[in-house]
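The values are calculated or read from the model by the stated rules, or taken from the named source; none is laboratory data. For clarity, every value in this text was computed on a predicted model and none was experimentally measured. For neighbour counting, all protein chains shown are included, and Cβ atoms are generated from backbone atoms with ideal geometry for every residue, glycine included.
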Amino acid sequence: MFSPFERAGLAVTFSPTGKMLLSEAARLQSMFGFKIFFLHVGERDESTEQRLNLLIFENFSSNNFEIVWLTGEPSKAILKKSKELGLDLLIIGALEKEQGIKNFIGSVARNIMRNCHCPILVFTKPVSERFGFKNIIISVCYDGKGEEAAKVAVQIARHDHPEKLSLVKEINIPGLPSVVFDSGSTDETGSMRRELIELEKQKIRFFAHELGLRDSEFENEVLYGVEGWECLNFADEEKADLLVVTMGERKLSFIDRIFMHDLEFLFERIPTNTLLYK
């Protein structure tokens, strides 16, 4: 099986979810065959080293790994070392409530997601023994990165055989409300919207067929509304356990954080385990 990832990193902590993240990483390594670098932020001493080695030994069976010790502010240290190591996947945990642990809550996780150079797999709901993702949602993006992200998601689906695989596209036509106002016909507007949605569904089907999917293997959803927001709500309502989202190459600016857009919605409220592909 072709692997899109050769060098992955996992931010390792002694948090209550540390064991589960190691288990998740072990499963992904067996799927993709990458070498993994365990990134630990903290002072290196004999006691801590023994504790970390024991944590890895008890929850990670492969020998294809390397431990990397980091110091300093967690997000900056992880971002810098990830780039130096040439990682093509970074795995982190991002729980909203994790008492006593500073490293990967809130702003730290968001900073990593915003600024990391490579795809990031964020686990909000890690488990110690996963038998596969059961409900995968792909937020469709038709550019090159979007196609790469979808191919990775399909590869995971081929391995895990989820109960449900959904390809979702959000659409928002800014000029449509003015058309309604000018025409004075809500029926005409409703008809236009239905036509646009059906056209988008045809595009999604063509996109899926290019990925090698048959119609029976996926569900096709078009969401009309605020881009980013609708997809997150859909993933939440559908109780997805993996959401795949594409992030463009444009660096986010301060103004993006004032006037929230699709990715800022994601950074503020991650509904489930998310592969952010960039």
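Key figures
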read-out: Any chance residue 58 is at pLDDT below 95 and not in a helix (DSSP H, G or I); value: no
read-out: Residue among 23, 3 that is among the hydroxyl-bearing types (Ser, Thr, Tyr) and in contact with a Ser or Thr (Cβ under 9 Å, 6 or more places away or on another chain); value: 23
read-out: Selected residue (only one of 110, 27, 130 is in contact (Cβ under 8 Å) with a residue 24 or more places away in the chain and either more than 21 Å from residue 153 (Cα to Cα) or in the same structural domain as residue 242 (by TED's automatic domain parsing) (or both)); value: 110
read-out: Qualifying residue in region 46-55 (condition: surrounded by 14 or more Cβ atoms within 10 Å (Cβ to Cβ), outside the structural domain of residue 153 (by TED's automatic domain parsing), out of contact with any Asp or Glu (no Cβ under 6 Å at 6 or more places or on another chain) and among the acidic types (Asp, Glu)); value: no
read-out: For residue 63: the one exception among (1) of a type in the set (S, T, N, Q); (2) at pLDDT below 95; (3) farther than 23 Å from residue 107 by Cβ; (4) surrounded by 13 or more Cβ atoms within 10 Å (Cβ to Cβ); value: (4)
read-out: Within region 15-34, tally of residues that are under 11 Å from residue 62 (Cα atoms) and acidic (Asp, Glu); value: 0
read-out: Among the candidates 223, 211, 199, residue that is surrounded by fewer than 20 Cβ atoms within 10 Å (Cβ to Cβ) and touching a residue at least 60 places away in the same chain (Cβ under 8 Å); value: 211
